[in-house]
1. Roughly what angle does helix 161-180 make with the longest principal axis of the chain, taking Cα atoms, 0 to 90 degrees, to the nearest 10?
2. Helix-derived [θ] at 222 nm for the chain: sum -39500 (n - 2.57) over DSSP H runs of at least 4, divide by residue count, nearest 500?
3. I need the Kirkwood Rh of the chain: take the reciprocal of the average 1/r across all distinct C-alpha pairs and report it in angstrom.
4. Angle between the Cα long axis of helix 213-230 and the longest principal axis of the chain, 0 to 90 degrees, nearest 10?
5. When a/c reaches 1.5 or more, the comparison of a/b and b/c decides; with that in mind, is segment 177-227 rounded, prolate or oblate per its Cα gyration tensor?
6. Can you pull the one-decimal nm distance between simple spin-label points at residue 176 and residue 227, each 7 Å off the Cα toward Cβ?
7. From the C-alpha gyration tensor of segment 7-153, pull out the three semi-axes of the equivalent ellipsoid (sqrt of 5λ each), sorted largest to smallest, in whole Å.
8. So how tilted is helix 111-123 from the main axis of the chain? Cα-based, degrees 0 to 90, rounded to 10.
């Protein structure tokens, strides 16, 4: 439902596989954002008026055009991790991160899950340009950082193009969150950090997406149901997963959005309600 080019992630170069000994130092300004994640050892940084000690499982964002100084933490362990130069734009012009209030430095709450991905990302071969796979992997890492670092949106400009850019960006993020978590995220939860009047935001969401946030969420929930039914799960189980205590009400909602009843859809996919789908014919 969102324009395919609405959000643009660009990696300025392949990931930097950091491996720094005790003599390592840096004093630099990058023209793009830089996300640094520590895997082992540690480093110490000075960014503007803030001192940061980075240790394993922690991540740090250095905004574009921000001078930073860094050096080894001082012990004998090699400081390893990743550094990724990137930009994240909305409609090719609006810096998404520039509209957010973020903690610069966080301990990643989902580190046991994320650490293997970061290690794999660090080990990927470096060519002249970042690959599509690296873009996808880094987006996951970046979203994990944002989940822990996000404090809220910056003040919205009451009128003018900048306000509309911010509005479009917040609509995109709310829609993305509803689509990504159809079982858990309710509309109120997804809109909690929106900096616009809720009624105004809902009208703007409908104008841009083509339906209200509630109807958009229900559509994504029914698409989730389509996936589950296609895997052979019984209708009652799928209804319960989505929080419907009344399977008949779930069936009416499913037919409204998908065009057929869930039992009919599941039957066409090769399974009977309550039973696993039969094995393919040989």
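1. Compared with the principal axis, the helix lies near 60 degrees.
2. -12500 deg cm²/dmol
3. Value: 21.6 Å, from the Cα pair sum.
4. So the helix axis and the longest Cα principal axis differ by about 80 degrees.
5. Since a/c reaches 1.5 but b/c is at least a/b, the shape of segment 177-227 is classed as oblate.
6. Rounded to a tenth, the inter-label distance reads 1.7 nm.
7. 22, 18, 15
8. 60
No value in this document is a laboratory result; all are computed from the given coordinates. Not measured: the values here are computed from a predicted model. Because the Cβ atoms are built from the backbone with ideal geometry, glycine has one as well, and the counts that use them run over all protein chains shown.
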